[in-house]
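Following: one structure in structure tokens, then a few remarks.
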Amino acid sequence: MLASPLLLGALAAGLAWIHLPLAAFWFAGYFAFNAASLWLKSGRKSRFARPVQVYAVLAAALGLLTAALGPALVRWAPWFLIPLGVGMWAAARRRERDLLAGVTTVVGSALMTVVAYDAGGGTDLRRAAILAAGQFLYFAGTVFYVKSMIRERDNPRFLWTSIGFHAASALLLAVLAPWVAGVFVVLTVRAWWVPRLGWTPKQVGIAEIVATAAVALVSLFTV
């Protein structure tokens, strides 16, 4: 969820030097977000504060460097405020595993597809939006899919919610990106079948690497 949108947007527009500081800023920002989440979840205990300070300073420095090299990218910053705010709010209340927190985090991740595309000089924002939509639908679906096998594994209603989300995503993408929709048909079958197999988290994680690559590659070459 961290690397795929960034790589997809960069490859779709064409790799450029600006993608290096952008990627460094993106990863440092994630580490700062994760550290801040742990600090808030702990009740602001002092032993969790140092990583927040270190990563925040690093992210700020890399953010300023990226802005200096690509000033036009600053226009995307406000789009990340709501996902960031919701994530911090959820962490402070120890609700970071709630569905709302998971989906809003995915929104922020998917937005990076458009930012990386813009950084590479891409001009077809409709294409960038469709690529980002595919990333959002995939990773949001993964939130449902994983929860249906772990926290909600005994909840058949949640299982069917996961299946329904994937099916609806396939129908939506059938209009925007038919080949990507085909991948989502397979993912819909996965959402129905795999929870019945009793896979371990490790098995689920390995399979997700394949699914993530499939969605990204089909999106890159067909959208």
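Bear in mind that the values in this text are calculations on the coordinates, not laboratory data. Quick caveat: nothing in here was measured; it's all calculated off a predicted structure. In this analysis, Cβ positions are derived from the backbone assuming ideal geometry, glycine residues included, and neighbour counts consider all displayed protein chains.
Each residue of segment 136-144 in order: what ³J(HN,Hα) in whole Hz does its phi give by Karplus 6.51 cos²θ - 1.76 cosθ + 1.60, θ = phi - 60°, with x for Gly and Pro?
Those phi angles translate into 4, 5, 5, 6, 5, x, 5, 4, 5 Hz.
Please list 3J(HN,Hα) in residue order for segment 128-135, calculated via the Karplus relation 6.51 cos²θ - 1.76 cosθ + 1.60 where θ = phi - 60°; whole Hz, with x for glycine and proline.
4, 5, 5, 4, 5, 4, x, 5
Once you put a point 7 Å from the Cα of ALA174 and another 7 Å from the Cα of TRP17, both along the Cβ direction, what distance in nm separates them?
With each label point 7 Å from Cα toward Cβ, the separation is 4.8 nm.
Could you line up ARG127, ARG153 from fewest to most neighbouring Cβ atoms inside 10 Å?
ARG153, ARG127
Over 32 Å apart: what share of the alpha carbon pairs of the chain falls there, rounded to a whole percent?
21
For a label point 7 Å from the Cα of GLN53 along Cα→C-beta, name the residues of segment 5-34 whose backbone N is under 17 Å from it.
32-33
Set Lys and Arg Cβ to +1 and Asp and Glu Cβ to -1, take the dipole of segment 46-195 about its Cα centre, and tell me which of THR66, THR142, ASN155 lies farthest positive.
ASN155
Determine Rg/Rh for segment 105-223; Rg is computed over alpha-carbon atoms and Rh is the Kirkwood hydrodynamic estimate from the same atoms.
Here the Rg-to-Rh quotient is 1.00.
Short version: ³J(HN,Hα) in whole Hz for each residue of segment 215-223, in order, from phi by Karplus 6.51 cos²θ - 1.76 cosθ + 1.60 (θ = phi - 60°), x for Gly and Pro, what are they?
4, 5, 5, 5, 4, 4, 9, 10, 8
Straight-line reach from LYS45: which aspartates and glutamates have Cα under 18 Å away, leaving out those fewer than 8 places along the same chain?
GLU96
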